[in-house]
Structures are given as C-alpha cells and as structure tokens.
Amino acid sequence: MSHLPVEIITEILSRLPVKSLLRFLCVSKSWYALIKHPDFIKLHLHRSIETNRDRTLILEKVTDGLPHYCYSVHFPIENHFDKAFKLYQPLYRRGKLVSILDCCHSLVCIHHFTLEIHHCTNEIAIWNPLIRKYRILPPEPMSKPSGFNFSKYNEIAFGYDLCNDDYKVLRVIAFYNRGQPLKEFEVKVYSLRWHSWRKIEEQWPKKECTVSSNSVSLNGVLHWSIAEDTPYDMDIPLGVECLLAFDLAIEKFLVFKTPVQREVELGTCLEVLKGQLCFIVTPDLGAEIDVWLMKEYGEAKKNRCEGVEIQNLPHWFRTATCVGSLLLLDGDNVIDPGRAEEQEEEMHYVIFRRILFYAFCVHEVLVVPEWDDLGASVHSMLVEEFLKNDS
Amino acid sequence: MALELKSSDNKIFEVEELVAVQSETIKSLVEDGCADNVIPLPNVDSKTLELVLDWCKNHVDMKLDEEKLKEYEDKFIEVDQAVLYDLLLAANYLNIKDLLNRACQKVADMLKGKTPEQIRETLNIVNDFSPEEEEEIRKENLWAFEE
C-alpha cells in the first residue's frame, strides 16, 4: 500500500470513534499531531453529527427514585447495541449520589444529587465519559441579599453557546422567607472556556413561577417549562405552563407560550427531537402521552408557537413511559427498551448524541489548566471500590 | 454530449457528460471550456477508471431510487484493500464526494478495531516515536487499549 495523502488520512480518521483515535495517537508523530489538532477535532465532531454514527447512550440507573450508577452503551448504527459498561462517575464519593443534569455534544454535566435543595453549593462537574476526563467547577458562593432567611436552587442547567464556542452552566438561586411570596434571585453563569463563574445582571423573569420540567439546550438556548407557584408552597408549580428560554450568547431570558396550553399535572418533559423542541406531556398515569414538536421558533414568534402533535406513536412509547423512561433520539430512531441491556430496572435515559473528542482537546489548546485526569492507578482502585458497592 | 477520458495507461473511455460531471474536477474542466479534446487522467489507471465510471453512471441512473442505490453502493465497496485504495485516490483526485465518503467510511470501519502496529503495517507508516515516547502516549489513555 503506497502512502495515502494526508487529506485522505484526515477524512478516514474523522470517521473513527473516539476510542480508536485515542489508541492511534501513538502510530506516528504526524498522526499524533493530526488527531490533537483543533481543526481536526472540529471536523470529527461535524462528521459525527452529519453521519449520525457511533453514538453512545449514557444510562443512569434509578432505584427508588434516586440516581445510582451510570452505564454507557455504544451503538455504532441504529438499533445495534454493544454491551453496557458501567462508568465511573468523577464526583462519586461514598454516601453521595451523582445525577446527570444534561449533556451537550459529548460533555455530560453531573452534580451531587440531594433531596435537600437548600444546599446550593453542591459539586458540579463537566465530564467527557468517552475520553474519561472531567473538570469540577470551582465552588461559587452565593450572595444572599439582606432581609431573606432562606435560599434554594431555583435551577441549574447546562448548554452549549454556539456564538462563543463555549459550554456554560447556569445557576439560579432563589432567596425567600417562609410563607411570604416575595423572592429575590441570583443568576450566575459558569464558562468552561474561562473556568470561572460570573454574576449576570439579567433577572429571572417570572418571579412567581417555578420550573416544572427538566432543562434542555437547543441552538445555544436553554429551555424550561415553568408554571406559577401554588400560593402555599413554592416547590409545587400549578397552572398553565409557559416556556422560559435563556440565550447563552446574549445572556437574556425570554418567555414563550407553549403549544401545550394545559395545566401542569405530572409536568412536562422537554426533549430535542429532530433539532426541534419536543414536549412530552403525561397528563395522567396510564393515559396517552402527548408529544408535541415546536415547529416555529424565533424572535418573531416570541409570543406564540406552533405545535405539531405527533400522531401514531409506536406502541413502545407507552411502554417506555410507563417504566419512567422515554427515549427519543435525533431523527426517527426510537429505542425499544426491550432491547436495552437492563430492561427490568427503571432507567432514566439521558440522550447522548454525539461522540465528541474535541471539547476536551480544544480546551487544552486554549491554555486552560489541565483537566483532572482519572489517572490510571487511581482510577482502577476507585473503580474496584465502586463495583464492590454494587452488591 | 459525450466526453473522452484517457486513463494513465492510455485507454480511452467515452462517457456521457452527465455521468462524467459527477466528478467535480471534470465538471470544472467542462465549465471552463477545456473538455473539447480528450481529457487526460494521468493519476487513474483504466481498471480503476472503469469502476469509477460505473459508480458515476449508476448514480445518475438510480438517482431516484434510494434503496436500490444503497444496495448498489454496499456491493460496490466490497473490494479488496488494493482496489479500495486505488478507488480512494481516484475519488480524491477526481473529486467525487459520495465515492470518497463511502470509501473513507469503509477504510475507517476496517481500521476501527486495529492496534497501532496493525495500522502501521496496513498503511505502510513508519513509527518515528522512540519506545519511551510511545510508552508515554499509551499510558495517557491506557484504558483504550484494555477494553
């Protein structure tokens, strides 16, 4: 075989999964330089998104409503799944549960899960499970304004800022006094690129509202469903939901109407399907699930949006929802939970759409201090301990 | 309209313009008005050119039938390594995007599970790392070799 020109080698390498690329770093000096180059990294990500291949599911096992272990299941092509591997989560410590907040490209944002929402200084980390590197966010204190006795997390969310090529974490803390409706909010944003937090002046727009769904990141904007607080308990939202969006680039909040104009009962789950915002509404346990796709989005349609109800749901949608998990992937892929490895247990699926090698390597090049590495010996020791707890 | 293409071993192929312009390289020549005479392709031998032209012709014929085209593509790309590399080089030189993509994907699939040594052997690459340097790099991501 005569030598292939470098542009063809690049094309071929851009189609390989991350694990192969990590192995091939030692093939030769030029391969090492090529694979680590930020332009190649961008190309690889782009290729992965384009061809929809080599995706990995990160599954969070939930028992009794609490998150436990994480598994990764690689699926090179649709409906063909490899074995599930248990993953070591970077924030794992005895006695603390780690929960996945959201994922973007191939970075997963995780934090310590606690039922006590008043602990606003839980550890948060951004993790690339495919290359097994992570970064813990620096602790950030909150500034409680005078006159308020209590604080709680209003929201933390994770997303990718397209304009600045940066991953960001949004933290909103609410300050309140028991039994009184008056609230104050503190909004801070963490930037992965700068590895630091910043307070922003933008205020949480709907002070009388509480988040009633998970957060979802789409096109550089974070989204939540929100609804008014019940008068007596701030933690339980009530009433008609609307959509709250936070643009990560301009750092501003926007409020939209949702296509689903109904009172929140069991709440809405937000997803991204086919590049569009998707609302999965479960009005009642055992009843039919409504899935809405938000077709029109943008400044012009700020106060209205059109929903398209997805008809003819395949029957396993309902099965999936009944066990507490619903999977939607980009495009038309729907995973039949019957095919996943651990079908008996309740699983909460986080959609892990892209294999990304890049974000991690790009940040190294940006002269940001080294990410914490799960060093070989430390890793294997902790993994053993981790697996021992599995009984 | 027919074009004449000449392979590196001097064989002449008469091809419909519609088929030949699947190659961006040939398309530019046609647009620049340089395609009146025989177009020489010194980087592609006749065996490879014949395969490439078959690909192009089928992409014109089966344009509307996605399934049939996919079946054709899958069968087409099942060739031995030597032929695959020739196709790669030809697709690159002639700038035929879909053939290049398919061929690259095929090679990627072949290389996926290999060890670095196997990669070097298959692609004729010299290892310019010292044993210590290579060991360092392997250690960085040891788990990628172990599982």
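Some values worked out for this structure:
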{"item": "Meets criteria (over 23 Å from A:P17 (Cα atoms), surrounded by fewer than 12 Cβ atoms within 10 Å (Cβ to Cβ) and touching a residue at least 12 places away in the same chain (Cβ under 8 Å)) for B:N58", "result": "no"}
{"item": "Test result for A:S48, touching a Lys or Arg at 6+ places or on another chain (Cβ under 7 Å), surrounded by 14 or more Cβ atoms within 10 Å (Cβ to Cβ) and either acidic (D, E) or more than 7 Å from chain B (Cβ to nearest Cβ) (or both)", "result": "yes"}
{"item": "Members of the range B:65-96 found to be touching a Ser or Thr at 6+ places or on another chain (Cβ under 9 Å) and not in a helix (DSSP H, G or I), listed by number", "result": "B:N95, B:I96"}
{"item": "Residues located in the range A:167-189, provided they are within 17 Å of A:V221 (Cβ to Cβ) and either touching a residue at least 60 places away in the same chain (Cβ under 8 Å) or small (G, A, S) (or both)", "result": "A:Y167, A:K168, A:V169, A:L170, A:V189"}
{"item": "Selected residue (only one of B:N37, B:N127 is within 14 Å of another protein chain (Cβ to nearest Cβ) and in a loop (DSSP other than H, G, I, E, B))", "result": "B:N127"}
{"item": "Residue count, the range B:116-147 (criterion: closer than 28 Å to B:E73 by Cα, modelled with pLDDT of 90 or more and in contact with a helix residue (DSSP H, G or I) (Cβ under 8 Å, 6 or more places away or on another chain))", "result": "1"}
{"item": "Tally of residues being of a type outside the set (G, A, S) and buried (at least 18 other Cβ atoms within 10 Å of the Cβ) across the range A:141-175", "result": "16"}
{"item": "Every residue from the range A:1-21 that is at the interface with another protein chain (Cβ under 7 Å from one of its Cβ atoms), of a type in the set (A, V, I, L, M, F, W, C) and open to solvent by 10 Å² or more (accessible area, probe 1.4 Å)", "result": "A:M1, A:L4"}
{"item": "Test result for B:F129, of a type in the set (F, W, Y), surrounded by 15 or more Cβ atoms within 10 Å (Cβ to Cβ) and more than 20 Å from B:Y72 (Cα to Cα)", "result": "yes"}
{"item": "Pair list, Cβ < 7 Å and 6+ apart or interchain, from the range A:33-46 residues that are of a type in the set (V, I, T) to residues that are outside any helix (DSSP H, G or I)", "result": "A:I35/A:L25; A:I41/A:F357"}
{"item": "Qualifying residue in the range B:44-55 (condition: under 18 Å from B:K6 (Cβ atoms), outside any helix (DSSP H, G or I) and not acidic (D, E))", "result": "yes"}
{"item": "Given (1) at the interface with chain A (Cβ under 7 Å from one of its Cβ atoms); (2) open to solvent by 40 Å² or more (accessible area, probe 1.4 Å), index of the condition B:A144 fails", "result": "(2)"}
{"item": "Where B:G113 falls short, out of the listed (1) open to solvent by less than 40 Å² (accessible area, probe 1.4 Å); (2) small (G, A, S); (3) more than 7 Å from chain A (Cβ to nearest Cβ)", "result": "(1)"}
{"item": "Strands (runs of 3 or more DSSP E) (entirely within the range A:181-221) containing at least 2 residues that are under 22 Å from A:P141 (Cα atoms) and open to solvent by 20 Å² or more (accessible area, probe 1.4 Å)", "result": "A:196-199"}
{"item": "Test result for B:V52, surrounded by 13 or more Cβ atoms within 10 Å (Cβ to Cβ), aliphatic (A, V, I, L, M) and more than 16 Å from B:I96 (Cα to Cα)", "result": "no"}
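The values are calculated or read from the model by the stated rules, or taken from the named source; none is laboratory data. Not measured: the values here are computed from a predicted model. For neighbour counting, all protein chains shown are included, and Cβ atoms are generated from backbone atoms with ideal geometry for every residue, glycine included. These area figures cover heavy atoms from the full protein model, side chains too; ligands, DNA and RNA do not enter into them. Shrake-Rupley method; radii C 1.70, N 1.55, O 1.52, S 1.80 Å.
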